[in-house]
Structures are given as C-alpha cells and as structure tokens.
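Enquirer: Following this message is one structure expressed as structure tokens.
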Amino acid sequence: MRVIIADDHRLMREGTAALLDTDPRIEVVGLARDGLEAIELALAQQPDVVLLDLNMPSVHGIQACAVLRNRIPDTQVLILTVSEHADDLHAALRVGAAGYLLKDMPPVDLVAAVLRTARREPTIAPSLAAQLLGSDRPPATALLESSLSPRERDVLGLLAKGHTNREIGARLGIAGPTVKTHVRHVLEKLHLRNRAEAAAFATRRGI
C-alpha cells in the first residue's frame, strides 16, 4: 500500500513517515511540504492514500483534497489535522475525504486507520463522531453508514425493530456468536455505546 504524507511541519511529516514505515504493508512514496506539492506528488505517484494536513501554504488541505478526488478518484484522502472544528470536518467530507483524524491520536491507531482507508473503509476520530451522528448533513452520516457491510446493515435494521440476538440469528440464518460479533462491529464503526443508540441511529437514517 503506497502512501504520500503532506504536512508543512517537517517533524510531523518525517515522524509520521517513520511510524508508517514500521508496518511492512505500507510504503511511504513521497513527502509534501504544502498542498501544491501534495497534488503534484500524488498525480505523479498515484498512491493508494494521501495523508493530508489542512492548514498548509499555497493550497489549503480542503482544496487539495477536492483536486485529488477529482483528478485521481482511486486515491483515498485521509485528513490528519489539529482542527476539531465542525466546519472543517464537514468541508472535508463534502469534497470527498475518506476520513478525518486528529494529530493527538495514538500512533498505533494511525497505522490502523491508514490501512482501513486503503481498504476504502471510512474512519473518523471518535471524539468527532458524535458531531456526525447528530448532524442533519447527509454527507456526514452517510460516511459512517457506508462503513457497514451488507450483513451489518441487516443486523442494524433488525436491532432498530427491537429484535434480540437470538431472533436476529434466526431471521438471518446465522449463529448467536456471529450475531454478537456483527453487533459489536456495528457499534464500533458507528461510534455508538449500546444497542439503544444503534436503534435510534437506524431509525433516523431509515435503515
């Protein structure tokens, strides 16, 4: 999996590169100092993922993301920033960012997030997920919802109707432990605390 890292702080981009290089599944193929260089490198290298800061010289991260998603749609853009502002989060999602993470996250979680992004699994900083769950902006909640597999959507829909794990298993023809695993994945992916919140989410989204 090939990655480009764009950040105007040398320590941040080189430190992130060193971190990602510890995983044999990841190859860092370029480091960019600003948004314009990120675009040029990405167009030349065609990476799987561009890890992109927001507040950079020459071209802002949101603009760079929009260009990249338009020019090389197979490349996933993952925002890594210090900004917790809702406007930045929603702006990034509107232009096609595959995820939005904060720089204070644990290093091991960043590696996992980059790998998920390469697999086209959306990822949002847990501390910001509540903003999406309570948002009425379609691109926001749709990003979380799109991370569910078809089977997980089925389980979520039955949760919303009040079915127990046993009933869900019977309806879907799967074993109890498998149902429990699906329920756990649904809660983790949607950043929900319990079945009641999952049911409320599904009801709001018409699942």
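Enquirer: Could you tell me which label, among [x] -0.46, -0.90; [y] -0.54, -0.96; [z] -0.35, -0.85, carries the value of log10 I(q)/I(0) by the Debye sum over Cα atoms at q = 0.10, 0.15 Å⁻¹ calculated for this structure?
Expert: So the calculated entry is the one marked [x].
Enquirer: Relative to the longest principal axis of the chain, what angle (0 to 90°, nearest 10) does the C-alpha long axis of helix 176-190 take?
Expert: Between the helix axis and the principal axis of the chain, the angle is about 40 degrees.
Enquirer: While we're looking at this one, here's another question. What does the charge dipole of the chain about its Cα centre add up to, to the nearest 20 debye, if the Cβ of each Lys and Arg holds +1 and the Cβ of each Asp and Glu holds -1?
Expert: Rounded to the nearest 20 debye, it is 1100 debye.
Enquirer: Next up: Considering the Cα positions of region 148-205, please state its Rg to one decimal place and its Dmax as a whole number of Å.
Expert: 10.0, 28
Enquirer: Let me ask another. Could you work out how far helix 195-205 tilts from the main Cα principal axis of the chain, as a 0 to 90 degree angle to the nearest 10?
Expert: Approximately 70 degrees, to the nearest 10.
Enquirer: How would Arg166, Arg204 line up from fewest to most surrounding beta-carbon atoms within 10 angstrom?
Expert: Going from least to most buried by this count: Arg166, Arg204.
Enquirer: Let me ask you something else. Whole angstrom only: what separates the Cα centroid of region 22-87 from the Cα centroid of region 141-207?
Expert: For region 22-87 versus region 141-207, the Cα centre distance is 33 Å.
Enquirer: Also: In terms of Cα to Cα distance under 18 Å, which lysines are near enough to Lys161, apart from those fewer than 8 places away along the same chain?
Expert: Answer for Lys161, where 18 Å is the Cα cut-off: Lys180, listed by chain and number.
Enquirer: Indicate the gyration tensor shape class of region 62-133 (rounded, prolate or oblate), computed on the Cα atoms with a ≥ b ≥ c the square roots of the eigenvalues: a/c under 1.5 is rounded; otherwise a/b larger than b/c is prolate and the rest oblate.
Expert: oblate
Enquirer: What aspartates and glutamates could a cross-link reach from Lys103, if we take a straight Cα to Cα line under 13 Å and drop same-chain neighbours fewer than 8 places away?
Expert: Partners found: Asp7, Asp53, Glu84.
Enquirer: Output the peptides 169-175, 187-193, 28-34 sorted from most to least packed, where packing is the average of other Cβ atoms within 10 Å over each peptide's residues.
Expert: Packing proxy ranking, top to bottom: 28-34, 187-193, 169-175.
Enquirer: Taking only Cα atoms and a 10 Å spring cutoff, compute GNM fluctuations for the chain and point out the largest among His85, His60, His182.
Expert: For the chain, modelled as a Gaussian network with Cα springs under 10 Å, the answer is His85.
Enquirer: Taking the alpha-carbon distance from Lys189 and a cut-off under 18 Å, which aspartates and glutamates remain once sequence neighbours fewer than 8 residues away in the same chain are dropped?
Expert: Qualifying aspartates and glutamates at Cα under 18 Å: Asp109, Glu121, Glu145, Glu152, Asp154, Glu197.
Enquirer: Still on this structure, please answer the following. Once both axes come from the Cα atoms, what is the angle between helix 107-118 and the longest principal axis of the chain, in degrees from 0 to 90, rounded to 10?
Expert: With both axes taken from Cα atoms, the answer is about 80 degrees.
No lab work stands behind these numbers, since they all come straight from the coordinates. Computed from a predicted model, the values in this text were never measured in an experiment. Quick reminder, even Gly has a Cβ in these numbers, built from the backbone with ideal geometry, and neighbours come from all protein chains shown.
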